[in-house]
Amino acid sequence: MGQSLPRIIVVSAVNLRKGGTLTILRECLQYLSQQEGLKVYALVHNKALCDFPGIEYLEFPWTVKGWARRLWCEYVTMHRVSLDIARKEGQEIDTWLSLHDTTPRVKARHQEVYCHTSFPFLKWRLRDLVMDPKIPLFAMFTRFAYRIGVRRNDCLIVQQEWFRDGLSRITGFPKERIRVIPPKVSVEGITPEAVSSEVPMFLYVSTADCHKNFETLCEAARLLEKEVGASRFRVVLTISGEENRYARWLKKRWGDVSSLHFAGYMPRERLFGYYKAAACFVFPSRVETWGLPITEYRLLNGGPMLLADLPYAHESSEEKAVFFPATDARRLKELMYESLATR
């Protein structure tokens, strides 16, 4: 009898270039490269970002140059690619796994999509439109894009239960066919730098995006400083205040608050040092898929956390977390005051 043909798996990830999503791509391809009986194709931006043996790569560097190109790739180019692969292999593709939210138009026995963009659930404000129009526009667009062709999938993959519920609600996709796979977070292999602080340090780790809601913490620091003085505490932000319009607005409005420290981007060794040195971790972001810094702080420090009272934070946290309305600076100030009083 002739030898059976290997199953053909296609992993589509043409827009993944950095951060946690690139890590997921690398882990996925590393696992598949070690399996027998598979022929794996990876559709990527750049092979050098995720090069593993036994994988056949197709590069699509042009898709990142705008959403029109991305959509053309998903709904036109990918269909042609799926037919070309099937023709080359002499059999139909078994499984097509898309790692970036949208459902491509392809020819395959099974389709799955990994959904990691939480922007459809962002309650955006007029200020967001002024600071960075891309974010509210992206929030509106992804809410629509998630629905396109979604029923062609055998399953969807998400990181949290709240995301599963929300995705089922906005797409009509059956909840029982949405799998929740939490990310595996490791802090091993990195030696934290030594960081010291003479006063209790509140730490917020995030990028300078307007939905990250730095203004609530900045205003809470100003109010707390008026009440107890600037010498009693320190608030460290991992932005410089120069990254974009939003960051410059933050620094212009709250730059004179002495307790605020615009520390800027940190390499992981230094960042992990700050995690370990912090007296309390604050995370006021208005939307997240998971909230990776919450988990990193929990693993490295395990101390108290003040988190936005939103579903992602409840799933990512533990019993030491206290929650506040995400945009209520006065309530956050009260919780920060209580944190100082216990030290």
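Just so it is clear, none of the values below were taken in a lab; they were calculated from the coordinates. Since the model is a prediction, treat every value here as computed from it, not as a measurement. Don't worry about glycine lacking a Cβ; one is built from the backbone with ideal geometry, like all the others, and counts go over all protein chains shown.
Taking all pairs of distinct Cα atoms, average 1/r, flip it, and tell me the Kirkwood hydrodynamic radius of the chain in Å to one decimal place.
Details: mean 1/r = 0.0455 Å⁻¹.
Here the Kirkwood hydrodynamic radius works out to 22.0 Å.
So what is log10(I(q)/I(0)) for the stretch 7-180 at q = 0.15, 0.16 1/Å, when the Debye sum runs over its Cα atoms only?
Per q value, in the given order, log10 I(q)/I(0) is -0.88, -0.99.
Decide, for the stretch 252-328, between rounded, prolate and oblate: order the square roots of the alpha carbon gyration tensor eigenvalues as a ≥ b ≥ c, take rounded if a/c falls under 1.5, and otherwise choose prolate if a/b is larger than b/c, else oblate. Display every interim value, and only then the final one.
On the way: a/c = 1.74, a/b = 1.16, b/c = 1.50.
Oblate shape, in that a/c is at least 1.5 and b/c is the bigger or equal ratio.
Could you work out how much longer the chain between ARG87 and CYS155 gets when fully extended? Use 0.36 nm per residue separation minus the Cα distance between them, nm to one decimal. List each step's numbers first, then the result.
Numbers: separation 68, 0.36 × 68 = 24.48 nm, distance 2.57 nm.
Residue separation times 0.36 nm, minus the Cα-Cα distance, leaves 21.9 nm.
Compute the length gained on full extension between THR191 and GLN30: take 0.36 nm times their separation in residues and subtract their Cα-Cα distance, giving the result in nm to one decimal. If you can, show how the numbers build up before the last one.
Values: separation 161, 0.36 × 161 = 57.96 nm, distance 2.49 nm.
Result: 55.5 nm gained on full extension.
ARG268 versus ARG253, label points 7 Å from Cα toward the beta carbon: distance in nm?
Spacing of the two 7 Å Cα→Cβ label points: 3.4 nm.
Give me ILE24, ILE148, ILE135 ranked fewest to most by other Cβ atoms within 10 Å of their Cβ, as a rough exposure proxy. Kindly include the intermediate steps, with their values, before the conclusion.
Working: ILE24 21, ILE148 15, ILE135 18.
Ascending number of Cβ neighbours within 10 Å: ILE148, ILE135, ILE24.
Taking the 0 to 90 degree range and rounding to the nearest ten, how far is the long axis of helix 134-145 tilted relative to the main principal axis of the chain, both from C-alpha atoms?
The angle comes out at about 40 degrees.
Counting Lys +1, Arg +1, Asp -1, Glu -1, what net charge surrounds ILE135 among other residues with beta carbon under 15 Å of its beta carbon? Spell out each step's value before the answer.
On the way: positive: LYS123, ARG125, ARG127, LYS134, ARG143, LYS212, ARG245, ARG286; negative: ASP128, ASP132, ASP209, GLU215, GLU243, GLU288.
Net charge around ILE135: +2.
To the nearest 0.05, how large is the calculated FRET efficiency for SER240 and TYR57 if R₀ is 41 Å and r is the Cβ-Cβ distance?
Working: r = 36 Å, r/R0 = 0.89.
The calculated FRET efficiency here is 0.65.
Kindly express, to the nearest 10 degrees and within the range 0 to 90, the angle between helix 245-254's C-alpha long axis and the longest C-alpha principal axis of the chain.
Long axis of 245-254 versus the principal axis of the chain: about 10 degrees.
What's the ranking of 228-237, 98-107, 263-272, 155-164 by average number of surrounding C-beta atoms within 10 Å, highest first?
Going from most to least packed, we get 98-107, 155-164, 228-237, 263-272.
Rounded to the nearest 500, what is the 222 nm mean residue ellipticity of the chain from helices alone, with -39500 (n - 2.57) per DSSP H run of 4+ residues and division by all residues?
Values: 12 runs with 125 residues, N = 343.
Mean residue ellipticity, 222 nm, calculated: -11000 deg cm²/dmol.
Taking 0.36 nm per intervening residue step and subtracting the Cα-Cα distance, what contour gain separates ARG7 from ARG80 on full extension?
On the way: separation 73, 0.36 × 73 = 26.28 nm, distance 1.94 nm.
Contour length minus Cα-Cα distance gives 24.3 nm.
Binning every alpha carbon pair distance of the stretch 201-338 at 5 Å from zero, what are the percents per bin?
Each 5 Å bin holds this share of Cα pairs: 2, 11, 22, 24, 24, 13, 3, 0.
Below 12 angstrom from the Cβ of TRP72, what's the summed charge of the other residues (Lys, Arg +1; Asp, Glu -1)?
Details: positive: LYS65, ARG69, ARG70, ARG80, ARG105; negative: GLU74.
Net local charge, TRP72 excluded: +4.
To test your reading of the geometry: what angle, between 0 and 90 degrees and rounded to tens, separates the Cα axis of helix 214-228 from the longest principal axis of the chain?
20
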